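The values are calculated or read from the model by the stated rules, or taken from the named source; none is laboratory data. Treat the numbers as computed from the prediction; the structure is a model and nothing was measured. Methodologically, a virtual Cβ is constructed for each residue, glycine included, from the backbone with ideal geometry; neighbour enumeration extends over all protein chains shown.
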Amino acid sequence: MIKGKIILKSYGKCLFVLIYSFAIIISVVNHETIADSIESKGALEQQLPQNSKKLPQWTEPLTGITFIQIPKGCFYMGSDSGSVNEKPRHRVCIDSFWMAAHEVTNRQFQIFKSCPDSNLFTSKSYNTRSYNTMLLTLNDQPALHVSWNDAMAFIKCLNNQGNGVFRLPTEAEWEYAARAGTTSEWFWGDNAEDACQYANVFDEIGKERGTFPWQNYPCFDRSPVTSPVGSYLPNAFGLYDMLGNVWEWCADSYQKDAYAHHSVNNPICNTGDTLRVFRGGSWNNAPAIGRCASRSRNTPDFSSLYLGFRIVRED
């Protein structure tokens, strides 16, 4: 097995090139890291929290996406100490639903390339040069440069297969699932040093390359860019990469003061701005951004190498 420390020392010199030549670097970096991640993935899955092992699971037969049945319950959504758009912290109750254990991968995303009812693979966001990189050959990497519209097109194709009703999670469902019963800043607790066991984040590698000015997590996560899904420990519901790796689209339209208007039961925002919400932070975000309560947004046709999605199935 390649030791993480050795790999990390080799990143510092090459990652400056990453910003300008992402396709080239990603193909080199991941050939070094994937073997280590895949070897460790099985071990990580054996360490699932006891309560998540008891939750029902179901695998969609065409894509192989595994879903965890998230139990109904209530929690406190948002943060009174965070950004203005995270306030007020308020009580929300969620019905049971099924959430994908992982972000949608390149392999799963490619299955619907020939879907007759979708413009997914002719859309502007899909055919940008930055999307068509070596990342597409890495099956277990999260699908990147997926706009909200692209995610909805993927879901439309999947729904046409007749194996269930699928959609994006609401913001409330997403945060409820991410927290998995916790009330801390991150689902693993309030210690940023523990992040690299559970998430692919802006870590000491990011600090070493010096490309961005923001604060890093004080740990090493073994990956300078995106990592194969499931490479880190899951939360208590058995969900992987809920924080870090890539941001994840939600169903809601964005309102800065949405929480002031939330209903208690299964809230969703379908009014206001045309912007759409994404949650969870990415491999390139500071600790303050990658919290369970953090919110971000952009237009439905926006895509980036920091942004992907996961889906839910209605109960």
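Numerical summary
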{"item": "Residues of region 164-209 satisfying the condition of being of a type in the set (A, V, I, L, M) and in contact with a Lys or Arg (Cβ under 8 Å, 6 or more places away or on another chain)", "result": "V165, A178"}
{"item": "Tally, over region 63-88, of residues that are surrounded by 14 or more Cβ atoms within 10 Å (Cβ to Cβ), in contact with a helix residue (DSSP H, G or I) (Cβ under 8 Å, 6 or more places away or on another chain) and not polar (S, T, N, Q)", "result": "8"}
{"item": "Contacts under 7 angstrom Cβ, first residue in region 170-186 being over 28 Å from A151 (Cα atoms), partner hydroxyl-bearing (S, T, Y), 6 or more apart", "result": "T183/Y76"}
{"item": "Residue ID - modelled with the lowest pLDDT, chosen from residues in region 193-225 that are hydroxyl-bearing (S, T, Y) and more than 9 Å from W283 (Cβ to Cβ)", "result": "T211"}
{"item": "Some residue of region 109-117 being at pLDDT 90 or above and either assigned to a loop (DSSP other than H, G, I, E, B) or under 20 Å from the mean Cα position of the chain (by Cα) (or both)", "result": "yes"}
{"item": "Subset of region 177-209 [part of a loop (DSSP other than H, G, I, E, B) and not β-branched (V, I, T)]", "result": "A180, G181, S184, E185, F187, W188, D190, N191, A199, N200, F202, D203"}
{"item": "Residue satisfying condition, being farther than 23 Å from E103 by Cα and assigned to a loop (DSSP other than H, G, I, E, B), within set F220, F212, F237", "result": "F212"}
{"item": "Which listed residue is farther than 29 Å from L55 by Cβ and under 14 Å from the mean Cα position of the chain (by Cα), from L239, L305, L275, L243", "result": "L305"}
{"item": "Residue among R276, R295, R313 that alone is over 22 Å from C93 (Cβ atoms), modelled with pLDDT of 95 or more and of a type in the set (D, E, K, R)", "result": "R276"}
{"item": "Qualifying residue in region 249-264 (condition: touching a Phe, Trp or Tyr at 6+ places or on another chain (Cβ under 7 Å), modelled with pLDDT of 95 or more and surrounded by 20 or more Cβ atoms within 10 Å (Cβ to Cβ))", "result": "yes"}
{"item": "Among (1) over 25 Å from Q69 (Cα atoms); (2) in a loop (DSSP other than H, G, I, E, B); (3) touching a residue at least 24 places away in the same chain (Cβ under 8 Å) - the single one D315 does not satisfy", "result": "(1)"}
{"item": "Only one of A192, A199, A251 that is among the hydrophobic types (A, V, I, L, M, F, W, C) and more than 23 Å from Q141 (Cα to Cα)", "result": "A192"}
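Quick grid of which residues meet (1) under 16 Å from E86 (Cβ atoms); (2) of a type in the set (F, W, Y):
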{"site": "F212", "(1), (2)": "no, yes"}
{"site": "T226", "(1), (2)": "no, no"}
{"site": "V229", "(1), (2)": "no, no"}
{"site": "D257", "(1), (2)": "yes, no"}
{"site": "V264", "(1), (2)": "no, no"}
{"site": "T271", "(1), (2)": "no, no"}
{"site": "R276", "(1), (2)": "no, no"}
{"site": "R295", "(1), (2)": "yes, no"}
{"site": "N298", "(1), (2)": "no, no"}
